[in-house]
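The values are calculated or read from the model by the stated rules, or taken from the named source; none is laboratory data. Remember, predicted model here, so these are calculated numbers, not experimental data. Quick reminder, even Gly has a Cβ in these numbers, built from the backbone with ideal geometry, and neighbours come from all protein chains shown. Surface areas here come from the heavy atoms of the whole protein model, side chains and all, with no ligands, DNA or RNA. Shrake-Rupley method; radii C 1.70, N 1.55, O 1.52, S 1.80 Å.
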Amino acid sequence: QVQLVESGGGLVQAGGSLRLSCAASGSFFSINAMGWSRQAPGKQRELVAGITSGGSTDYADSVKGRFTISRDNAKNTVYLQMNSLRPEDTAVYYCSARISAYSPVLATDYWGQGTQVTVSA
């Protein structure tokens, strides 16, 4: 059973920083792309940042220059460093990973349970 477990959310003042972590556990062949999405109350979930297995990254325009995604393949973990946080960054943050669990050539998207990030003005 593949699981993604997030940690690192919390309450921070505007301008502050937080670092989210997400570790994949279980039995699988490989982890392909990984990413972070967020969902604010009353809004649709949006992709915040993504990283390929080779380390290429992409960001939503709203977080470019403030957030940094990285991964440690040896630990099966993806991180999201969030700096210069704003109240509008308040949301539940979810990590995701495309994992080849049952076959080395077929991959499935897995999601974490979410972690709350609250930025106060």
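Could you tell me the center-to-center distance, by alpha carbons, between region 89-110 and region 5-22 in angstrom? Taking the Cα centre of region 5-22 as reference, the centre of region 89-110 is 20 Å away. Remark: relative contact order (region 1-106) = 36 percent; criterion is Cα-Cα distance under 8 angstrom and separation of 6 or more residues. Accessible surface area normalised per residue over the chain is 53 Å², counting heavy atoms of protein chains with a 1.4 Å rolling probe. With the Kirkwood sum run over all distinct C-alpha pairs, the chain has a hydrodynamic radius of 14.5 Å. Restricting the trypsin sites (Lys or Arg not before Pro) of region 1-75 to loop positions (DSSP other than H, G, I, E, B) with no more than 12 neighbouring Cβ atoms within 10 Å leaves LYS43, LYS64, LYS75.
Dipole size of the chain about its Cα centre, with +1 on Lys/Arg Cβ and -1 on Asp/Glu Cβ: approximately 80 debye, rounded to the nearest 20. On the chain, 49 percent of the accessible area sits on carbon and sulfur atoms, based on a 1.4 Å probe.
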